[in-house]
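Asks: This is the structure I want to talk about, given as structure tokens.
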Amino acid sequence: MAEQALAEALDHLVRGISAHPDQVRVDSRDTGRGEVLEVRVHPEDLGRVIGRGGRTASSLRTVVSALSESGRVRVDVIDTDVVDSSVIEADAVETDAVVTDAAHAATVEGGA
């Protein structure tokens, strides 16, 4: 399976177990020792992707190795503490809308 196809397959698998699938990113780079697929997820999803005792990450590595033609693929789960700022802004706008709607509903109910 081609390098890009492996990255896409891994991306699909990780998005399926992630609570924030829009923040999953899989980067591929070729090294002298083989291909490296770096997985970055929302900080809250890190535990899900790694799994208890690393079982989920190990399973992901097994699947990717089975799909690989050369078998020389390393999967790294990268710990990122930074959340994408555009997603934070979108969440803030959505939260403001919910608060505004709740305040409006309380005003309407109280005035009736």
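The values are calculated or read from the model by the stated rules, or taken from the named source; none is laboratory data. Quick caveat, the model's predicted, so the values are computed rather than measured. In this analysis, Cβ positions are derived from the backbone assuming ideal geometry, glycine residues included, and neighbour counts consider all displayed protein chains.
Asks: Can you confirm whether V49 is touching a residue at least 24 places away in the same chain (Cβ under 8 Å), hydrophobic (A, V, I, L, M, F, W, C), touching a strand residue (DSSP E or B) at 6+ places or on another chain (Cβ under 6 Å) and farther than 17 Å from V73 by Cα?
Replies: The answer is yes for V49.
Asks: For residues that are surrounded by 12 or more Cβ atoms within 10 Å (Cβ to Cβ) and in a strand (DSSP E or B), scanning just segment 30-53, find the one that is modelled with the lowest pLDDT.
Replies: If we take residues in segment 30-53 being surrounded by 12 or more Cβ atoms within 10 Å (Cβ to Cβ) and in a strand (DSSP E or B), then G34 is modelled with the lowest pLDDT.
Table: residues versus (1) at pLDDT 80 or above; (2) more than 16 Å from the chain's Cα centre (by Cα); (3) surrounded by 10 or more Cβ atoms within 10 Å (Cβ to Cβ); (4) outside the structural domain of R29 (by TED's automatic domain parsing).
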{"residue": "R55", "(1), (2), (3), (4)": "yes, yes, yes, no"}
{"residue": "S65", "(1), (2), (3), (4)": "yes, yes, yes, no"}
{"residue": "R74", "(1), (2), (3), (4)": "yes, yes, yes, no"}
{"residue": "V77", "(1), (2), (3), (4)": "yes, no, yes, no"}
{"residue": "E89", "(1), (2), (3), (4)": "no, yes, yes, yes"}
{"residue": "A92", "(1), (2), (3), (4)": "no, yes, yes, yes"}
{"residue": "T95", "(1), (2), (3), (4)": "no, yes, yes, yes"}
{"residue": "A102", "(1), (2), (3), (4)": "no, yes, yes, yes"}
{"residue": "A112", "(1), (2), (3), (4)": "no, yes, no, yes"}
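Asks: If the requirement is being more than 8 Å from the chain's Cα centre (by Cα), buried (at least 18 other Cβ atoms within 10 Å of the Cβ) and at pLDDT 95 or above, which of these qualifies: L13, L6? If you could, list the steps in order and put the result at the bottom.
Replies: Numbers: L6 fails: at pLDDT 95 or above.
The conditions single out L13.
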